[in-house]
Amino acid sequence: MITGLFEALFNGISIGAVLLIAALGLAIVFGLMGVINLAHGELMMLGAYTTFVVQNGFKILGGPLFEFYILFALVFAFLVTAAVGFILERGVIRYLYGRPLETLLATWGVSLILQQFVRSVNWVLVIGIALFCLLFFGAMWILSRRPDFQRIRNWVVAVMLPLSLGIAGATGAFLGQSFQLAVTQPWFGAQNLDVTAPSWLRGGLPIGSFQLPYARLFIIGLTIVCVVGIYVFLQLTPWGLRIRAVTQNRSMSACLGIPTEKVDALTFALGSGLAGVAGCAISLLGSVGPNTGQNYIVDTFMVVVVGGVGKLVGTIVAAMAIGTANYLIGSGTLALLLTPVKPLADIFTFFATTSMAKVLVFALIIAFLQVRPGGIFPQKGRTVDA
Amino acid sequence: MRVAVLTTNLLAYIGATTGGLPLRTRLYYIEALRKSCKYQVFVSYVTISPRDLHYYNGLTMNVSLVGLIQLGVQNMARRLGRRKFILYGSATLGTSLLLKACAKPSANTTETTTTTTTTNTSSTGGGDTIKVGILHSLSGTMAISEKSVVDAEQLAIEEINAAGGVLGKKIQPILEDGASDWPTFAEKAKKLIDQDKVATIFGCWTSASRKAVLPVFEQKKHLLWYPVQYEGQECSQDIFYTGAAPNQQIEPAVDWLLQNKGKDFFLVGSDYVFPRTANTIIKAQLAAKGGKTVGEDYLPLGNTEVTPIITKIKAVLPNGGVIFNTLNGDSNVALFKQMQGAGLTPDKYPSMSVSIAEEEVKAIGPEFLKGHYASWNYFQTVDTPANKKFVQAFKKKYGENRVTNDPMEAAYIAVYLWKQAVEKAKTTDIAAVKKAALGQTFDAPEGKITLENNHHLAKFVRIGEVGEDGLFKIVYSSKEAVKPIPWNQYVAETKGYACDWSNPNKGGKYKGT
């Protein structure tokens with residue numbers, strides 16, 4: 001009985017930890033900034049792909065170092081996705097603040113672009129894009145030092161855009177023809193990829209008849225580190241203070257000299273970076289492929305909404321609650337516990353398959369949001385009233 | 001009345017964000033900014049209605065600066081006028097069209113076309129080519145699997161064309177993207193038949209997509225070659241099924257497990273039509289042969305949280321047992337990775353999968369799958385001369401690291417069988433081809449197969465164990481090709497039914513002996 005209880009608790013927490021680490025980035029981007037980022041899942045996917053690349057890099061190095069690639073992968077995944085998030089914020093999202101519907105559509109578009117990008121990325125594509133950026137933005141940069149730049153700007157764009165596109169396209173075509181498969185072969189392709197956990201993360205720690213999977217323990221640990229890290233960052237650092245200030249009252253913060261644009265970019269990059277870390281973590285459990293992110297996006301939004309938008313502690317509680325509920329119902333543990341109460345047990349036996357458990361959990365969530373539309377920890381304060 | 005307020009802030013245009021606030025608050029901020037900062041650049045617009053004018057009493061404004069700002073904003077709005085926009089827009093469009101036209105010869109190597117549905121336009125004119133349709137998902141969830149089937153079909157077409165084509169004409173494939181969306185499949189099938197007037201169509205992967213296009217093919221009396229193992233219980237006059245029927249994959253696998261691995265089965269599947277039908281068949285078969293179904297569970301497609309399932313397996317099979325796995329897609333990866341983590345090893349909990357082939361093994365990782373089993377008609381490791389040739393040709397065309405699998409082989413066979421049928425009928429007329437196709441044999445990579453009168457193939461059955469290199473070690477192989485039985489004999493509703501299209505009186509579903 002004790003082991004049974006412990007097992008249920010551990011499994012519930014481990015499912016909750018996966019939900020939480022996937023939702024942490026979103027809790028910042030959606031919760032604090034109010035940006036509905038449908039590309040969050042794809043940022044996780046990029047994190048998982050980064051893990052794959054780092055893994056392959058360490059495979060070449062070989063030796064005992066390979067066993068620790070996952071730690072480097074976490075760092076790289078954070079950096080890569082934070083960079084992508086930064087570009088995304090600067091390039092797309094900052095023009096859409098305060099327009100949730102447009103943000104939703106734009107980020108959904110971005111998610112499709114990212115998916116197709118990892119499917120078809122190859123040397124030709126990368127060289128083409130790099131060349132285009134170099135020519136176009138390089139020309140803009142050089143010419144922007146001319147005093148009459150504002151006057152000729154439109155002409156520069158009109159000339160440089162087709163010109164750089166043409167050169168990039170022609171170079172791509174040339175490379176494709178002269179090197180054939182070597183450059184046109186996709187790096188990853190549409191297939192799922194094989195990310196192998198280092199041997200110390202495979203298998204599990206046996207406790208009686210029960211075995212604690214190391215990968216799950218690792219994810220739980222990682223989640224704790226991330227949560228503590230975010231807490232420390234938001235509460236104890238100057239930039240954390242600025243982020244909180246901008247979240248609470250953007251205009252007032254601006255008045256007081258906080259560079260809100262920089263704060264926005266930083267916050268978004270931080271949230272994206274956390275998505276990358278989550279992507280690295282889930283590659284230990286599930287598949288790595290172009291669709292990886294889509295499997296998580298609904299769950300992450302659900303966690304943030306149930307927890308209460310804008311509250312990190314709400315996200316934590318919600319993730320744990322949903323994870324445990326999912327496990328208890330789906331595995332039939334609840335039905336087993338309720339055996340004495342016959343009708344209840346029958347109901348829970350009916351819901352004791354994974355897909356039916358999801359149905360029940362969603363039904364419960366809908367009912368809960370009817371009672372408390374603001375989530376477990378609704379936000380209070382002036383921003384809500386305005 | 002419109003008033004522009006100019007104040008200063010190093011942070012410039014941030015003041016614009018005060019837009020959504022009540023007027024009183026806005027003015028307060030503007031005033032605060034005016035006082036606190038160093039009078040440089042800050043622009044904010046306030047539209048004032050006469051009744052709000054008294055708010056402005058406390059505000060002092062530099063009127064000349066107001067005028068200046070208004071001027072500046074007007075200029076900004078004019079900078080990209082409509083006329084200029086049209087001019088630049090059309091110039092850009094024209095240039096891109098020109099570039100596109102120039103790049104035509106290398107269309108499939110530039111990055112712009114790798115992502116779109118390309119129609120292969122290498123034809124030399126309408127008279128000496130035969131058009132065939134290829135209808136698979138090139139985007140969306142199913143693209144992962146279906147892309148490689150398209151590769152195999154194109155390889156077969158290329159080989160046939162290199163050897164002189166069909167009836168002296170070259171085959172011209174027309175690619176359409178079903179986009180993993182079933183209504184799109186039906187729409188594109190209509191397009192291929194009505195607009196492109198193709199001679200036949202090779203396509204579909206999921207049962208759902210096949211069911212979606214079936215009415216189209218039956219209405220137009222057209223012809224589809226379907227290359228994937230499926231759940232059976234269907235026998236259309238307008239479809240040739242070149243994948244396995246349940247009695248050529250699932251049933252022999254269950255028999256083999258009963259003999260070699262154990263009697264207690266746990267069934268895991270994705271939550272859609274194929275796994276549910278397949279598990280109905282397995283349960284009926286186990287009941288008939290003395291096995292026992294101790295539990296079953298279904299995961300929504302794409303779900304990767306399998307902890308509850310693992311708990312259940314351990315609860316009902318504490319001492320080990322057989323797991324029969326009909327999961328599809330990403331859930332497979334999660335199941336095998338987490339099974340290993342939870343200590344469910346193949347020596348105690350061997351699993352038999354019917355949707356994991358070489359490509360999937362590569363994606364999941366052989367170290368998670370080593371020792372587990374899969375049942376197919378074809379493995380890359382099958383030892384026949386035809387297979388050596390097929391594997392070699394495939395790797396040469398698509399790269400050394402690619403692997404071949406069962407649906408790819410079935411698709412490859414389909415193209416050749418169609419070619420033989422056309423040659424026998426001496427026409428591409430669909431009714432004649434359908435008739436000529438029955439009884440065709442082909443020396444396929446898996447062995448010599450025959451197209452039976454019930455529109456399915458007599459195929460070899462094999463069971464493979466995943467090895468360290470990610471390929472299968474064949475542990476069981478049927479001595480001869482197994483005849484297909486589309487209507488399942490274990491399921492009460494279809495027991496005793498059969499299918500024979502060589503005799504129009506019998507048709508798709510008739511009561512046999």
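Using all C-alpha to C-alpha distances in region B:169-237, build P(r) with 10 Å bins and read off the rounded percent in each one.
Taking all Cα pairs of region B:169-237, the binned fractions are 19, 57, 21, 2 percent.
Mind checking the log10 I(q)/I(0) for region B:260-313 at q = 0.18, 0.31 Å⁻¹? Debye, one equal scatterer per Cα, no solvent, two decimals.
Per q value, in the given order, log10 I(q)/I(0) is -0.63, -1.21.
Using all alpha carbons of region B:390-513, what is the percent of pairwise distances in each 5 Å bin, ordered from the shortest bin to the longest?
In order of increasing distance, the bins hold 2, 9, 14, 17, 17, 16, 11, 7, 4, 1, 0 percent.
Can you list the residues of region A:346-379 that have at least 30 square angstrom less accessible area with all protein chains present than in their chain by itself, probe 1.4 Å?
Buried by the other chains: A:353, A:354, A:355, A:358.
Among A:299, A:346, A:264, whose mean-square fluctuation peaks in a Gaussian network model of chain A (Cα, cutoff 10 Å)?
Highest fluctuation among the options: A:346.
Can you give the accessible area of residue A:90, probe radius 1.4 Å, in Å² rounded to 10?
About 60 Å², rounded to the nearest 10.
Starting from 0 in steps of 5 Å, tell me what percent of the Cα-Cα pairs of region A:24-136 lands in each bin.
With a bin width of 5 Å, the distribution comes to 2, 11, 16, 20, 18, 14, 10, 5, 2, 1, 0.
In region A:137-187, which trypsin sites (Lys or Arg not before Pro) are in a loop and have at most 10 other Cβ atoms within 10 Å, using DSSP for the loop call?
Hits after loop and neighbour filter: A:145.
Ballpark to the nearest 100 Å², how much total accessible area do A and B bury together, probe 1.4 Å?
Details: alone 19980 and 24580 Å², together 39410 Å².
So the total buried area for this chain pair works out to about 5200 Å².
For region A:295-301, take each phi angle, set θ = phi - 60°, evaluate the Karplus expression 6.51 cos²θ - 1.76 cosθ + 1.60, and give the result in whole Hz per residue in order, putting x for glycine and proline.
Working through the residues one at a time gives 5, 10, 4, 5, 4, 5, 4 Hz.
Would you mind counting up the charge near residue B:233? Only other residues with Cβ under 14 Å from its Cβ, with Lys and Arg at +1 and Asp and Glu at -1.
+1
Can you list the residues of region A:191-207 whose accessible area drops by at least 40 Å² going from the chain on its own to the full set of protein chains, with a 1.4 Å probe?
With the partner chains in place, region A:191-207 has these residues losing at least 40 Å²: A:191, A:192, A:194, A:202.
Please tell me which of these pairs span more than 26 angstrom C-alpha to C-alpha: B:283/B:511; B:197/B:395; B:426/B:483; B:283/B:459; B:312/B:362; B:289/B:388?
Beyond 26 Å between Cα atoms: B:197/B:395; B:426/B:483; B:312/B:362; B:289/B:388.
Within region B:446-494, which GluC sites (Glu not before Pro) sit in a loop by DSSP and count at most 15 neighbouring Cβ atoms inside 10 Å? All intermediate terms of the calculation are to be shown ahead of the outcome.
Working: sites: B:446, B:452, B:465, B:468, B:480, B:493; in loops: B:446, B:452, B:468, B:480.
Those that pass, being in a loop and sparsely packed, are B:468, B:480.
Under 4 °C and 1.567 mPa s, how fast does chain A diffuse according to Stokes-Einstein, given a Kirkwood radius computed over C-alpha pairs? Answer in µm²/s, whole number.
Stokes-Einstein gives a translational diffusion coefficient of 56 µm²/s.
Quick check of the Kirkwood formula: for region B:131-211, what is the inverse mean of 1/r over all pairs of different Cα atoms, in Å?
12.9 Å
Zone of residue B:348 (label point 7 Å along Cα→Cβ, backbone N under 15 Å): which residues in region A:193-228?
A:203-213
Rounded to the nearest 10 Å², what accessible area does residue B:475 show when all protein chains are kept and the probe is 1.4 Å?
Number for this one is 60 Å².
For region A:189-331, place one equal point scatterer on every Cα, skip the solvent, and apply the Debye formula. What is log10 of I(q)/I(0) at q = 0.11, 0.15, 0.17, 0.21 Å⁻¹?
Per q value, in the given order, log10 I(q)/I(0) is -0.57, -0.96, -1.14, -1.43.
Where Rh is the Kirkwood radius over the Cα pairs of region A:122-185, the temperature 4 °C and the viscosity 1.567 mPa s, what D in µm²/s does Stokes-Einstein return?
Diffusion coefficient, whole number: 103 µm²/s.
Can you tell me how much longer the chain between residue A:99 and residue A:341 gets when fully stretched, taken as 0.36 nm per residue apart minus their C-alpha distance, in nm with one decimal?
82.0 nm
In angstroms, what radius of gyration and Dmax does region A:288-386 have, counting Cα atoms only?
Just the Cα atoms of region A:288-386 yield Rg and Dmax of 16.0, 52 Å.
Calculate the mean, over all residues of peptide B:293-304, of how many other protein chain Cβ atoms lie within 10 angstrom of the residue's Cβ.
Mean partner shielding for this stretch: 4.
Whenever you get a sec, compute what percent of the accessible area on region A:122-185 sits on carbon and sulfur atoms (1.4 Å probe).
Details: 2880 of 3870 Å².
So the carbon and sulfur contribution to the accessible surface is 74 percent.
Under a Cβ-Cβ cut-off of 11 Å, what is the net charge of the residues other than residue A:29 that fall near it, where Lys and Arg count +1 and Asp and Glu count -1?
Net charge around residue A:29: -2.
How much net charge surrounds residue A:238 when only the other residues with a Cβ under 14 Å from the Cβ of residue A:238 are counted, with Lys and Arg +1 and Asp and Glu -1?
+3
To the nearest 10 degrees, how steep is helix A:238-248 against the longest Cα principal axis of chain A, on a 0 to 90 scale?
Relative to chain A, helix A:238-248 is tipped by roughly 80 degrees.
Given region A:115-259 reduced to its alpha-carbon atoms as identical point scatterers, what log10 I(q)/I(0) does the Debye formula return at q = 0.13, 0.20 Å⁻¹?
Ignoring solvent entirely, the Cα scatterers give -0.97, -1.06.
The values are calculated or read from the model by the stated rules, or taken from the named source; none is laboratory data. What you are looking at is a predicted structure, and each value in this text was computed from that prediction instead of being measured. A quick note on method: Cβ atoms are made from the backbone with ideal geometry, for glycine too, and the neighbour counts reach across all protein chains shown. Surface areas here come from the heavy atoms of the whole protein model, side chains and all, with no ligands, DNA or RNA. Shrake-Rupley method; radii C 1.70, N 1.55, O 1.52, S 1.80 Å.
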